[in-house]
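**Q** Below you will find the structure I want to go over with you.
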Amino acid sequence: MFQTFSWHHVGFLAQAGLWTLLLSTVALFGGAIFGALLMLARISIFPALRGAAAAYIYVVQGIPLLVLLFIAYFGVAFAGFDVPPLVSAGVAFTLYAAAFLGEIWRGSIESVGKGQWEGAAALGLDWPGTMRHVVVPQAIRAAIPPTVGFFVQLVKNTALSSVIGFVELTRAGQIVANATFQPLSVYLTVGAMYFVICSCLSYLSRRLDERMRGQGTRAKAATAQPAALAAAIQ
Amino acid sequence: MRTFLKAAVLGLGLAIVSAGVASAQNLLDDIIKRGVINVGVSLGTPPYGLTNSSMEPDGYDVELAKLIARDLGVKINIVDTVASNRIPNLTSNKLDLVISSFSITPERAKAIAFTNTVYVDQQVLLAPKDNKFASLADLKGKKIGVTRSTTNDIALTKRAVEGTAIQRYDDDASTSQALLAGQVDGIVTSGGLAQVFSQKSPNLETKFPVASAPMGLGIRRGEHDFLHWLNTDIFMLWTTGEIQALQKKWMGAANPELPRF
Amino acid sequence: MFYFDFAGTLSRWDVFAHAAAFTVGLSIASTLLGLLIGVAGAAARLSRFRAARAVAFFYVELIRNTPFLVQAYVVYFGFPSLGLRLNAITAAVIALSLYAGAYVTEIVRAGIESIDKGQVEAARALGLSPTQTFRHVVLKPALASVYPALTSQFILIMLASSVVSTISVPELTGAANDIQGLTFRSLEAFLVVAALYLVLTAAFKGVFSAIGHNAFTFKNAAR
């Protein structure tokens with residue numbers, strides 16, 4: 001019944017690593033959609049909308065992801081939805097990612113200088129037009145490096161979904177550790193797999209950041225704020 | 001980009017709605033109609049639930065689940081379920097059935113319904129040979145690991161002498177790793193698990209029984225048809241000797257009889 | 001149909017209070033140790049010695065690119081096979097401090113790099129020793145400018161400490177898990193514990209901003 005830790009298990013772990021990547025990607029896209037709405041609410045002219053979005057972000061950033069995960073996991077089910085673990089974990093991570101991405105992107109939008117808004121207004125552009133043609137194109141460039149940086153956080157944090165029984169890389173590690181009695185080798189392998197995924201992404205984020213910073217003083221000013229925010233949340 | 005976003009939002013919404021309408025009138029009929037049963041098993045709990053060398057779920061609970069699915073005539077979907085999530089996963093409709101070294105207690109039976117017994121286990125203290133533990137009194141000042149909110153936890157918490165340091169882990173995999181890593185002086189666990197571990201690791205031995213634990217299958221309360229069908233099937237699997245064969249295969253010996261309600 | 005029943009959960013308020021105090025203590029100890037590691041790490045990252053720079057860089061990358069849960073498992077379950085056996089609480093403090101240290105290293109390094117080179121040269125010209133210069137001209141203003149990032153790091157450590165319940169540390173999330181095992185009311189237990197974390201977060205944010213107002217009255221020279 002018991003086995004020695006072998007390439008066989010490494011293959012099993014690598015397969016579970018794909019689930020980790022899938023869950024992270026689901027969370028990134030779900031969080032991007034919901035986070036964009038939050039960002040719009042945060043910069044809107046309606047105080048109630050701004051307040052609601054701010055409260056949401058405050059709550060999600062103020063409780064541990066592990067607890068959020070348990071609440072979403074049991075809450076989705078108690079609300080009467082019968083969904084597979086990938087979906088309930090996906091929902092939890094989407095709620096989590098949205099709060100952070102919303103704030104990162106708000107920083108990017110606000111880093112676009114007031115002069116740009118005034119200039120656009122002088123040219124007769126309305127609010128959607130200004131956003132679409134002037135602000136967002138500049139903000140996106142500033143937002144890409146911290147967004148990739150946050151994706152690293154997502155990949156790492158999906159490890160917590162092992163606790164609700166979603167078999168991703170960390171839960172696969174637990175299962176293999178218990179079948180082989182070799183926890184150190186197993187967890188070091190698991191750690192190495194995360195390291196490979198995350199350090200590639202971190203490197204990408206840094207390179208993008210450097211490239212943005214290289215593009216003259218205006219772009220530099222635009223990236224400074226979200227980059228600082230990204231550093232603070234990491 | 002905009003159409004993509006719209007499509008994505010719409011798709012997500014549809015997925016949630018269509019998942020939501022699958023609520024059952026009668027679980028037994030529903031399972032047969034949908035052709036698949038969702039069974040919760042902890043895969044970190046040998047010999048009950050484990051992952052074998054071809055990385056497939058295996059063990060006593062898994063094989064029993066397969067027999068039940070066979071008799072129902074449906075496909076089986078094994079869902080890895082850590083011990084502390086067994087009841088929440090049932091009450092929140094994530095699972096139809098829990099077969100996961102699930103000891104019957106009156107407290108648990110207030111939250112969920114148990115079938116008849118499928119195995120009677122001894123909860124034992126498993127510890128390294130060097131530790132001279134003869135009774136619970138010897139555990140004073142020692143670190144003893146259990147899996148959180150299992151009957152092992154309940155039994156030890158109720159009976160332990162004052163001064164026993166009870167360490168609680170989230171699942172059996174962590175509890176047994178704590179023992180193997182020497183983080184605890186002993187663990188209270190099922191007799192089946194203890195036997196497997198002392199075979200694999202010769203410096204571990206079973207010290208003494210802490211309590212006896214009849215195990216059943218767990219389902220949601222109020223599903224009387226399904227409960228009755230399961231009890232019927234357990235009776236038949238015992239009569240044909242299939243349960244005894246599984247007990248012998250995984251636990252080394254079969255129970256002489258199974259107590260019934 | 002689902003209904004809420006908080007009675008069993010709330011009647012165990014003493015367990016929650018105890019565990020909350022434990023979480024706070026654990027977070028403070030780990031943040032202070034993490035701060036020490038982080039300052040040392042930042043000094044190493046900016047050191048003249050290539051080896052020190054490389055070690056610090058590798059440490060930061062290793063911690064920042066692996067999940068904290070896996071780090072905690074390696075310290076608690078893995079280290080004993082190397083002959084290093086730490087009890088759960090010590091293992092948790094060490095894992096959390098190492099985790100905090102990596103992020104603090106980067107925060108402090110960014111703070112130090114934000115100091116104008118001219119200030120250092122001026123201090124040296126005024127006859128301050130390298131150590132004095134580092135302490136008064138580099139470290140203090142750097143810490144003042146990174147204070148907000150450090151305080152949010154403390155909050156993050158407090159939230160991350162929830163993870164060590166899985167290695168049997170009796171902190172707040174572990175308490176919620178124990179109580180849901182007794183009451184079978186999982187959602188209620190986690191909602192209560194989420195509210196407690198929010199209260200703790202809000203309280204610490206308030207305390208930190210009060211301290212910040214008093215301690216750093218001078219306008220950030222670093223900026």
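Read the figures in this text as sums done on the coordinates, not as results from a lab. Please read all numbers here as calculations on a predicted model, not as lab measurements. Cβ placement follows ideal geometry from the backbone for every residue including glycine, while neighbour counts extend to all protein chains displayed.
**Q** Quick one: net charge of residue B:140's neighbours, Cβ under 15 Å, K/R +1, D/E -1? Don't skip to the end; give the middle numbers.
**A** Values: positive: B:132, B:142, B:143, B:159, B:207; negative: B:138, B:162, B:185.
With Lys, Arg at +1 and Asp, Glu at -1, the net is +2.
**Q** Moving on to the next point. Mind giving me the nanometre distance, one decimal, between the label points for residue B:137 and residue B:33, set 7 Å out from Cα along Cα→Cβ?
**A** Each label point is offset 7 Å from its Cα along the Cβ direction, giving 6.1 nm.
**Q** In whole angstrom, how far apart do the alpha carbon centroids of region B:181-218 and region B:64-123 sit?
**A** If we compute the Cα centre of each part, the gap is 21 Å.
**Q** Under a cut-off of 21 Å between alpha-carbon atoms, report the lysines in cross-link reach of residue B:132, not counting same-chain residues fewer than 8 places apart.
**A** The qualifying lysines are B:140, B:142, B:143, B:200, B:207.
**Q** When you count, for each residue, the other Cβ atoms within 10 Å and take the mean per peptide, how do C:65-71, C:162-168, C:31-37, C:45-51 rank with the highest first?
**A** Values: C:65-71: 23.9, C:162-168: 26.7, C:31-37: 19.4, C:45-51: 11.7.
Listed from highest to lowest mean packing, they are C:162-168, C:65-71, C:31-37, C:45-51.
**Q** Separate question: Give me a single rounded figure for C:80-89: the average over its residues of other chain Cβ atoms within 10 Å of their Cβ.
**A** Details: counts 8, 7, 1, 0, 0, 3, 1, 5, 9, 0.
Mean inter-chain Cβ contacts per residue within 10 Å come to 3.
**Q** Now for a separate question. With +1 assigned to the C-beta of every Lys and Arg and -1 to the C-beta of every Asp and Glu, and no other charges, what is the dipole magnitude of region B:106-261 about the Cα centre in debye, to the nearest 20?
**A** Numbers: 18 positive and 16 negative charges, 73 e Å.
Here the size comes out at about 340 debye.
**Q** Another question, then. Going by Cα centres, region B:246-261 and region C:73-91 are how many Å apart?
**A** What the calculation gives is 38 Å, centre to centre.
**Q** Rounded to the nearest 10 degrees, what's the angle between the helix B:224-239 long axis and the longest principal axis of chain B, both from Cα atoms, 0 to 90?
**A** The angle comes out near 50 degrees.
**Q** Tell me, how many Å apart are the Cα centres for region A:15-45 and for region A:118-166?
**A** Result: 10 Å between the Cα centres.
**Q** Apply the membrane-span-like helix rule to chain C: whole DSSP H runs, Cα extent along the own long axis of at least 15 Å, mean Kyte-Doolittle hydropathy at least 0.0. List the helices found.
**A** C:13-45, C:50-64, C:88-113, C:140-160, C:172-183, C:186-215
**Q** Right, here's the next one. Any idea what angle helix B:191-200 forms with the longest principal axis of chain B, computed on alpha-carbon atoms, 0 to 90 degrees, nearest 10?
**A** 70
**Q** If you take every DSSP beta bridge whose two residues both sit in region B:22-158, what share of them, in percent to the nearest 5, is antiparallel? Could the numbers behind the result be given before it?
**A** Working: 3 of 11 bridges.
For region B:22-158, the DSSP antiparallel bridge percentage is about 25.
**Q** For a bin width of 10 Å, list the pair-distance distribution of chain A built from all Cα-Cα distances, rounded to whole %.
**A** Values per bin, smallest distances first: 7, 27, 30, 20, 10, 4, 1, 0.
**Q** Here's another thing I want to ask about it. Local charge sum around residue C:44 (other residues, Cβ-Cβ under 15 Å, Lys/Arg +1, Asp/Glu -1)?
**A** On the way: positive: C:45, C:48, C:50, C:53, C:109; negative: C:61, C:106, C:113.
Summing Lys and Arg as +1 and Asp and Glu as -1 gives +2.
**Q** In debye, nearest 20: dipole of the protein assembly as shown around its Cα centre with unit charges on the Cβ of K, R (+) and D, E (-)? It would help to have the intermediate numbers written out before the result.
**A** Values: 57 positive and 43 negative charges, 491 e Å.
Magnitude of the dipole: close to 2360 debye.
**Q** Sticking with this one: How large is the dipole of chain B about the Cα centre if only Lys and Arg carry +1 and Asp and Glu carry -1, each at its Cβ, rounded to the nearest 20 debye? Working shown, then result.
**A** Numbers: 27 positive and 25 negative charges, 108 e Å.
Computed about the Cα centre, the dipole is about 520 debye.
**Q** Given R₀ = 51 Å, FRET efficiency for residue B:200-residue B:228 by Cβ-Cβ distance, to 0.05? Don't skip to the answer; put the middle values down first.
**A** On the way: r = 40 Å, r/R0 = 0.78.
Result of the calculation: an efficiency of 0.80.
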